[in-house]
Structures are given as structure tokens and as C-alpha cells.
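What follows draws every value from the coordinates through simple rules; no lab data is involved. Not measured: the values here are computed from a predicted model. Note: ideal-geometry Cβ built from the backbone for every residue, glycine included; neighbour counts use all protein chains shown.
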Amino acid sequence: MKIITWNVNGLRAALGKGALKWAWEQQPDVLCLQEIKVRPEQLREEQRSFPGYDVIWNPAEKPGYSGVATFLRNPCLELKLGMNAPLFDIEGRLISTLHRGFRLSTLPPARDGVLRLFNVYFPSGQRGHERVAYKLDFYAHLLALCDRLHAGGENLVLTGDFNTAHMPIDLKNPKQNQKTSGFLPEERAWVQKFLDHGFVDIYRRLYPERVQYTWWTYRSTARARRVGWRLDYFLVSEALVPHVQDVIIHEDVPGSDHCPVELMVG
């Protein structure tokens, strides 16, 4: 099963630049997009056609803001928008889908080969830190949901733009950004809480010393100078780790200030 995540920083802009051509060429089973900034009815008819894929939309109520979309090559077993938390759900930040497609012999038959995928656009704390509390509350609500699902025996994959670099290796200039939202101690602590609650940052597990980034500011030719942050993750339940074949950061793919990240699990 191939899953690709990508914060496209505006789906209409990405389509206009032909950025998604790369994604279709990869033929993912699931494509998770964040920060789509559009409602499907705002797209032209030809822009709403994605041959071979069904699309689940969860746009924000506020026009031109936030939103996620999940593209499926095969129907999912179950889907859900948001997490029953109106404060967060109005911003269109989460889609949950249930999939069958691999074998986990240690699971009961009812759960054999089933995983629940969360396509998530975590809030930004913003430059002035005015949304840090909101962001941390979002982390808390999602972790509580994941704890309940883990307790019920589910295997989970969380992917998307976490808007936080977890460790110093995950950004070019950690010392200079200790007071910058996205690398605040309290934000990093919440990422660690997910890892302490049965999740694995599978890219870092596979590549503990590798330095790659998934986001670069548009200012100062940061991407060309390799001055970036790793903000886009796959967190997987511990039981899924033996079934992960690879995680690839496609840092050379243009089209957004983020690059796509690919997970192969089977």
C-alpha cells in the first residue's frame, strides 16, 4: 500500500502549476493533501476530475483557508470527517479512513490487515504565538482519540503537516528557533507524547541520522540553500513497524513550500 502526503499550500494553485502531475505518476493507493484552501464547488469542472480516484473533501468553513482532501484508488471501509470537536472541525483539519490491504498475523481476524489512516493538517502556532494554545489543544484532542482507538486494538497511521519539528535534527537552525512556533518546547513535547503513546516516527526510526526537510520558507532562497524544517510526518502504530517497507521524502519535487512524503506499507 502506497500512501503519499503533501501540503500543497492551495489546491487551485497546485493544479494551475501542474504540481499534482507528479503525484498521479506515482499511482499512490491513497493521496493525502493538506491546506487545500478550497471547496470542491470552487474548482472548475475539469479541475474536479481525478480519473481513477474517489475524493473525500473536508474544507474549512472559512473561505480560502486550511482544509484537507483524501484521494482513494479503492473504496475505504469507513470514513469520518473531523473528530467531533466543533472548535477544530470548522477548520477542516482531519479525515479518517479505514483500509484493508496487508496482513498482520498477530491481529484477531476481524482486524487482520486493517489500518485507520488519519490525514491531518495540524494548526500553526503562528509567528506571534497567538494560536499556540489552540494548536496544543488540537494535539490533546487527537491523542485522546488515538488512545481510545489503540485501546480497541486498532492500528493507526497519522500523516500530514504537523507544523512542528520534533528534534534539533529536524530543522536547519535549531538554536536560532527555540522561541519560534514550530519548535517551541511545549509543541515538541506534544509530538513526543504521541511517541510515548504507541506511535513511531517511522522515518526517523528507519533513518535516525539522515538530515532531510519537508518545508522551506519562500524567502531568501531557503530551499536552494537547504535551510528547511521537517514538518510532514508518518506516525504509525508500533505493530505496523515490521510492515513498513520505506519512507521517502521527495525533497526535489516542486509545486509547494512543502514537498511530498511517501510511505510504503504491506
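Quick notes on this one:
- Filter result for Glu46 (surrounded by fewer than 19 Cβ atoms within 10 Å (Cβ to Cβ), assigned to a helix (DSSP H, G or I) and free of Cβ contacts under 8 Å to residues at least 40 places away in the same chain): yes
- Pairs are defined by a Cβ separation below 7 Å, a sequence spacing of at least 6 or placement on different chains, a first member in region 193-215 that is more than 25 Å from Asp257 (Cα to Cα), and a second member that is acidic (Asp, Glu) and in a helix (DSSP H, G or I); the pairs so defined are His197/Asp147; Gly198/Glu238; Val200/Glu238.
- Within region 134-164, if we keep just the residues that are more than 21 Å from Gly266 (Cβ to Cβ), of a type in the set (D, E, K, R) and in contact (Cβ under 8 Å) with a residue 12 or more places away in the chain, the residue that is surrounded by the most Cβ atoms within 10 Å (Cβ to Cβ) turns out to be Asp161.
- Beta carbons closer than 7 Å, at least 6 apart along the sequence or on distinct chains, pair a first residue in region 6-17 that is farther than 11 Å from Val38 by Cα with a second that is crowded, with 19+ Cβ neighbours inside 10 Å and among the β-branched types (Val, Ile, Thr) for Val8/Ile36; Ala14/Val8.
- When we screen Val253, Val265 for residues that are touching a helix residue (DSSP H, G or I) at 6+ places or on another chain (Cβ under 6 Å), more than 26 Å from Gly18 (Cβ to Cβ) and among the aliphatic types (A, V, I, L, M), the only hit is Val265.
- Of all positions in region 149-168, at least one carries a residue that is within 25 Å of Gly67 (Cα to Cα) and over 17 Å from the mean Cα position of the chain (by Cα).
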